[in-house]
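Q: One structure, pasted below without further comment.
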Amino acid sequence: MSLLWIVFLPLLGACIPLLLARTPRWIKTVTTAAIPIVGLAIMGGYVGQTISGVIPQQSIAWLSHIGLNLAFRLDGLSLLFVSLILGIGVLIIAYAHYYLSEQDNDSRFYACLLLFMASMLGIVMADNLLLLWVFWELTSVSSFLLIGYWFHSSDARRGARMALATTGCGGLALLAGILLLGHIAGGYDLDTVFAAAANIQQHPWYLGALILVLLGAFTKSAQFPFQFWLPHAMAAPTPVSAYLHSATMVKAGIFLLARLHPVLAGTEWWFYLVTFTGLATLLVGAYFAILKHDIKGLLAFSTISHLGLICMMLGIGTEAAVIAALFHVINHACFKAALFMTAGIIDHESGTRDMRKLNGLLRYMPLTATLAMILAASMAGIPPLNGFLSKEMFLAESLQQHLFGGLSWLIPVLATVGAMLSVAYSIRYVHDLFFNGEPKELPKTPHDPPKGMLVPVALLVVLCIAIGLAPMWFAEDILTAAVSAVHGPLTALEIGLWHGWNWPLLMSAIAVVGGAVIYLARDQLFSFNRQFEHRDAKHIFESTVQRLSDGATAVFDRIDTGSLQRYMAILLTTVIILLLVPLIDLTQLFGGRKQLPIDVVSMVGALLIIFSALGVAILHRQRLLALLMLSVTGLMVSLAFAHLSAPDLAMTQLVVEVVSIILMILALFFMPQRTPRASSGHRVVRDIILSSLIGGLVASLNYALLTRSFDSISDYFVSNAKMLGGGNNIVNVILVDFRGFDTLGEITVLAIAAAGIHKLLNKLKPFMPSSDVDGRPWHHIRHPLLVTTVAKLLLPLALMVAVYILLRGHNMPGGGFIAGLITASAMILQYMANGVDWVKDRFNVNYQSLMSFGVMISLFTGLGSWYFERPFLTSWFTHIHWPVVGEFEFATAMLFDLGVYLTVIGATMMILTNFGKMTTRHRPTQEGN
């Protein structure tokens, strides 16, 4: 089967528990568990290839233009993590069946768990860095849902927010790092990035990319100083904690370090940053684990410590260190998942997780205690369990690094201290829970849980023992393949319980004895720790977020004063500051291109535009006069287009100007005839200075551009408009063919805007003056006879011109947009001349339906090309001989243009007629011809 099913089966399967919401829980559990089991079966079909060195890969084109494809691989590293994610996932689902109460929404829990599983599988199998990042963010979202599963709890909500904010910020840093790596490597596929490893490490951007990637990995895997979020994720149900800490989420950062190890490792920066971070995390996590009274809190900080150990080994980066890191990934997943399950069992059966109350549980829960003690011994690194093997390998590798010169001895010493602390908190876990007296004030009497709840724990305990006794039999093949994917072909792999009397064995013995001493002196440790002021990381996080929010609000309130003049002044001042310095050297503005001579017509037109624009500014308080001056500006711009051989633009500008002026006149009806003086003298001076500077800067930029030579894209369209689009009017061919998708989007937006305006104006009751400026009541004004007569004569003529403009648009100036505006102008003239009721009686058209019909025509014209297996909106054209008319060219683009025509009519009429209807709704009487 396809590799894609391993990822997408749990992604699609997340819907199944929701569909089975009303079925018994055992049915939902079995169905949910079947999904990762099937995934394991699919993976099993590829294990042989992966172990033999052949990497199964599969890719489906998705967003190829940005380098993002649905590309997956199952190399040795992916195989290791997929096995853990699916295998432990099955056990977690079985465990959750018993853990969740009857009041818990198990369907939602299983759905979120499968979504989380799919996102982790996507990370570890992604063969594309961008795709890896997509699933990386999906883990943040799905873990947010799981951590906040008990949303009625404030701790759960806060813990989920903290996890999402921390890992989300790290995800943004990771995205930036991935973009840098992809830019340097020339692509985002892993093979491309791996092949460019040498170029990446020698590139000036290497350090920046490394830091950004490490920020993503460290935040996700709770490395120091980002470890604060993980303990607060313990507010999640224990099955979530067990899954999150063992095989998912926090292991994502470790996986990322291993995945990019061939690209980023081997430099001093990698060694120092990753090794020191791992070592600090190892010590900090182990120290605070001893001090926690909550069982899950102790286990959470122990997870942080063990993640630091793995990170440190990957930082050292030798072959043996990589083996130790990946081997400990397996071992830690086994004992930590089971330890969290035992913590959940104790909480489930005793009603508390407080270790100060939980004592002597061996007597009440013998089976649980036995399993938990074996697991704790593995966590402490006691032989012959699996944790001992990887811990001894870790201690051995700490002795082999020498990059610190004379201070290199500190690394094995601190590693031994970390191992001692690990033994100490493991002893505390065992002694304080299962020995040390009798339970105190427990909510209920503890006892062993149902056998089914212990089965997942028992299976993992057996695995811990089996790997410890026969590591090469259980882990050799998968570990060899995984290390080869990270570090290259293995030279040797030998893991065993006994390697003779050596320094690592001595360090292990010191760790065991030292850990016992630390535990015996725990009271002094608690007293020492009480000397310091302790603040809950959750409260620090919440207060930080609140301060940021308050600061943002203060800045917003400072800027958002409600003054449009202030906004524009700030914006324009910023533009002036940014552009004034680069443009201040006037000698650099001239580009050397020969300038055209100034003719009289152009000069007169330019002066008219300037004076009409000045007139708008000077007469702005007299709105009707200002509107007339504005219409002069629009008319002169239309003539300028015509003068400069752009007839399509000229026609478009002309009809747009007519419709816009009509719209503004209708709007002015509801506004005062004069605007009161609102600006003081100093504001007027300020505005004149700003506008003059902006005008000068824009003129300078235009001058600089127009005096420089440039390569025009018009040559392509000139050469291909007739051959590919079947039209001689290049502008129209671009709109309906080459850039038809843009035009479809534009008319869709126009239709949406018109529908929105229609809804806003439909029941609006604005203030309406009772008389005109001369005091004549509005309801006494009759429609002039001359206007009504001329309007009736112009309508058929305008419609004929519009049809002509529409039909010829593909080969001559015109098109659907211009024709639509001409038709709308003729119709609006009827409304203005005869009134709304008169037109409605004779032309009762639903403009909303007309507009929608136009958009659908354009859309289905584009979809029609799919029937002929051509790309969307591909045009077809031919020549048809019509009687009388003669030869006539027909192109499917004309149908698209028809849709544009109808959309423009419908949208324009919806907007303008609504303004007109508002005037009639408020009049006492309605008179007309």
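FYI, it's all coordinate maths here, none of it is from the lab. All figures in this text were calculated on a predicted structure; none of them were measured in a lab. Counting neighbours? That spans all protein chains shown, and the Cβs are built from the backbone with ideal geometry, glycine included.
Q: Evaluate Rg over Rh across the chain, taking Cα atoms for both radii and Kirkwood's formula for Rh.
A: My calculation puts Rg/Rh at 1.11.
Q: Before anything else, pin down the relative contact order of segment 110-261: Cα pairs under 8 Å, at least 6 apart, normalised by residue count, whole percent.
A: On the way: 205 pairs, mean separation 40.3, N = 152.
Answer for segment 110-261 is 27 percent.
Q: Measure nothing fancy, just the Cα-based angle from helix 600-618's long axis to the longest principal axis of the chain, in degrees from 0 to 90, nearest 10.
A: Helix 600-618 sits at roughly 70 degrees to that axis.
Q: Which angle between 0 and 90 degrees, to the nearest 10, do you get for helix 25-52 versus the longest principal axis of the chain when only C-alpha atoms count?
A: Rounded to the nearest ten degrees, it is 80.
Q: Here is a follow-up. Tell me the mean residue ellipticity at 222 nm calculated for the chain from its helices only (DSSP H runs of n ≥ 4, each -39500 (n - 2.57), averaged over every residue, nearest 500).
A: Computed ellipticity for the chain at 222 nm equals -23500 deg cm²/dmol.
Q: Let me ask something else. Hey, rough spin-label estimate for Ser154 and Asn436, points 7 angstrom out along Cα→Cβ, what's it come to in nanometres?
A: 2.9
Q: Expressed in nm to one decimal, what extension gain is obtained for the pair Leu628 and Asp104 from 0.36 nm per residue of sequence separation less their Cα-Cα distance? If you can, show how the numbers build up before the last one.
A: Working: separation 524, 0.36 × 524 = 188.64 nm, distance 6.98 nm.
Roughly 181.7 nm would be gained on extension.
Q: Can you give the angle from 0 to 90° between the axis of helix 154-185 and the longest principal axis of the chain, with both taken from C-alpha atoms, to the nearest 10?
A: Long axis of 154-185 versus the principal axis of the chain: about 70 degrees.
Q: Same structure again: So for the chain, averaging the separation of alpha carbon pairs under 8 Å that are six or more residues apart and normalising by length, what relative contact order in percent results?
A: 8 percent.
Q: Could I ask something else about it? Can you pull the semi-axes for segment 138-184, root of five times each eigenvalue of the Cα gyration tensor, sorted largest first, whole Å?
A: Equivalent ellipsoid of segment 138-184: 29, 9, 4 Å, largest first.
Q: Also: Bin all alpha-carbon pair distances of segment 1-79 at 5 Å intervals from 0 and give each bin's fraction as a whole percent.
A: Percent of Cα pairs in each bin: 3, 14, 19, 17, 16, 13, 10, 6, 2, 0.
Q: If I take R0 = 41 Å and measure r between the Cβ atoms of Val462 and Arg530 in this structure, what FRET efficiency does the formula 1/(1 + (r/R0)^6) give, to the nearest 0.05?
A: Details: r = 41 Å, r/R0 = 1.01.
The value I calculate is 0.50.
Q: Say R0 is 56 Å: what FRET efficiency, to the nearest 0.05, do Leu410 and Thr561 get from their beta-carbon distance?
A: Using R0 = 56 Å, I get an efficiency of 0.45.
Q: Put a dot 7 Å past each Cα toward the Cβ at Ile880 and His539; how far apart are the dots in nm?
A: Each label point is offset 7 Å from its Cα along the Cβ direction, giving 8.1 nm.
Q: Evaluate the distance, in nm, between pseudo-label points positioned 7 Å from the Cα of Met800 and of Val698 along their respective Cα→Cβ axes.
A: 4.2
Q: With 10 Å bins from zero, work out the P(r) of segment 175-283 over every alpha carbon pair and list the percent per bin.
A: 14, 43, 28, 13, 2
Q: Highest mean first, how do 730-743, 20-33, 122-135 rank when packing is the count of other Cβ atoms within 10 Å averaged over residues?
A: Working: 730-743: 20.9, 20-33: 15.6, 122-135: 24.6.
Highest to lowest by the protection proxy: 122-135, 730-743, 20-33.
Q: Here is a further query. By how many nm would the segment from Val54 to Ile584 lengthen if fully extended, with 0.36 nm per residue of separation less the alpha-carbon distance?
A: Working: separation 530, 0.36 × 530 = 190.80 nm, distance 6.30 nm.
Gain on extension, Val54 to Ile584, equals 184.5 nm.
Q: Would you be so kind as to identify which of Tyr99, Ser140, Ile200 lies farthest towards the positive end of the dipole of segment 60-201, taking Lys and Arg as +1 and Asp and Glu as -1 on Cβ and the Cα centre as origin?
A: Towards the positive end, the residue furthest out is Ser140.
Q: So what's the net charge close to Val250: Lys and Arg +1, Asp and Glu -1, counting the other residues with Cβ under 12 Å from its Cβ?
A: Net local charge, Val250 excluded: +3.
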